[in-house]
1. How many residues, within segment 264-286, are charged (D, E, K, R), assigned to a loop (DSSP other than H, G, I, E, B) and open to solvent by 20 Å² or more (accessible area, probe 1.4 Å)?
2. Return yes or no: is residue 289 touching a residue at least 40 places away in the same chain (Cβ under 8 Å), open to solvent by less than 50 Å² (accessible area, probe 1.4 Å) and more than 22 Å from residue 161 (Cβ to Cβ)?
3. State yes or no: is residue 117 among the hydroxyl-bearing types (Ser, Thr, Tyr), closer than 19 Å to residue 140 by Cα and crowded, with 18+ Cβ neighbours inside 10 Å?
4. So which residues in segment 178-220 are open to solvent by 10 Å² or more (accessible area, probe 1.4 Å), among the aliphatic types (A, V, I, L, M), out of contact with any Phe, Trp or Tyr (no Cβ under 8 Å at 6 or more places or on another chain) and not assigned by the TED database to the domain that holds residue 167?
5. Take the residues of segment 135-172 that are farther than 21 Å from residue 185 by Cα and under 24 Å from the mean Cα position of the chain (by Cα): which is surrounded by the fewest Cβ atoms within 10 Å (Cβ to Cβ)?
6. Within segment 80-89, does at least one residue satisfy the condition of being hydroxyl-bearing (Ser, Thr, Tyr), in contact with a Lys or Arg (Cβ under 8 Å, 6 or more places away or on another chain) and modelled with pLDDT under 90?
Amino acid sequence: MKEHEMTLGEELRRQGITRRSFLKFCAAVASSMAIPASMVPAMAASLAQARRQSVIMMAYQECTGCLESLTRSFAPTVENLIFNFISLDFQHTLQAAAGDQAVEAMRQAMQENWGKYLVLVDGSVPLKDDGIYSVSHGQSHLESIREVAEGAAAIVSLGTCASFGGIGAARPDPTGAVGIDQIITDKPILNIPGCPPLPEVITGVITSFLAFGALPEVDSLKRPKAFFGDTIHDRCYRRAFYDRGLFADSFDDEGARKGYCLYRLGCKGPITHNACATLKFNQGVSWPIQSGHGCIGCSEPNFWDKDSFYKPLSAGQWGSAEGIAIAAAAGVALGAASAVISRRNQDKISGGK
């Protein structure tokens, strides 16, 4: 049997990968996707019967940061995906071929897998002047995405640029850059924003697509709910300080050294949806707030043009800011009340009145 005709289960057995190891892999992916543990056997069975998924990854107006993030995934690793689960038929940075040879390989893969291949897109696409500002292999990226999307089963936009236009669309947006879903409207599209996006979100979505044959459930911005259902603020380990009204007022004051909430220093965690607080970066080592810097809201639309990386949320600037301001005031009040109660309890212990 030819390698591309094997199911994933047959291919993994050929490589000596045990069922136990395979189930552990499925359990890890299911956990990251908030899939119930009871679904793991069904997920494993579905994956075992699947065949290698043809994946075509396009790079447009981007900085390669999203690809760098993908290559650092550890659950599963990108090597595990590429060598065991998918056929990466085009990605001009990772593949050995270049020029005409690479483009021909891409188009051959499209023809052989018409209606079945998955497209990953990194970077925004310019619309101004018929897309002339971003060109590869003599073809504008506007023409390119239309060609590649035509036979795709689904499209996944990687990073904030591909999802919402990102930095390419920031003022004054000289190229008329937009996200992919502003161009392709007749295909299932999922956005994984972030600058860069979390690598485990990318590989988790791909693995979920392999197992169930469809993209996972999304929110109003086409982001997977499993990873973007909560705000940074919901899961932040500094939330307890926020609730007590304890804030850092500068990056080098006593509050910062004690790990107090960074709200006053411009943290956008209360209105930013992402899984940074739970998945973290660099194999779960750290994330921006843990490193002492407030969230800049990079997985939300137009984050670059908010002009407020180091300014607290204010009414009229961020849609829900009034509610945030009220919550912050409540946090300060709770902090003050907590301090009073603490002092009274201490007085009782020490015999004071």
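1. Matching residues across segment 264-286 total 1.
2. Against the criterion (touching a residue at least 40 places away in the same chain (Cβ under 8 Å), open to solvent by less than 50 Å² (accessible area, probe 1.4 Å) and more than 22 Å from residue 161 (Cβ to Cβ)), residue 289 qualifies.
3. No: the conditions fail for residue 117.
4. Those that are open to solvent by 10 Å² or more (accessible area, probe 1.4 Å), among the aliphatic types (A, V, I, L, M), out of contact with any Phe, Trp or Tyr (no Cβ under 8 Å at 6 or more places or on another chain) and not assigned by the TED database to the domain that holds residue 167: 214, 218.
5. 171
6. Yes, there is a match, as at least one residue in segment 80-89 is hydroxyl-bearing (Ser, Thr, Tyr), in contact with a Lys or Arg (Cβ under 8 Å, 6 or more places away or on another chain) and modelled with pLDDT under 90.
The values are calculated or read from the model by the stated rules, or taken from the named source; none is laboratory data. Quick caveat, the model's predicted, so the values are computed rather than measured. As a convention, Cβ positions derive from the backbone with ideal geometry for all residues, glycine included, and neighbour counts pool all protein chains shown. Protein only, heavy atoms only, side chains kept; ligands, DNA and RNA dropped before computing areas. Shrake-Rupley method; radii C 1.70, N 1.55, O 1.52, S 1.80 Å.
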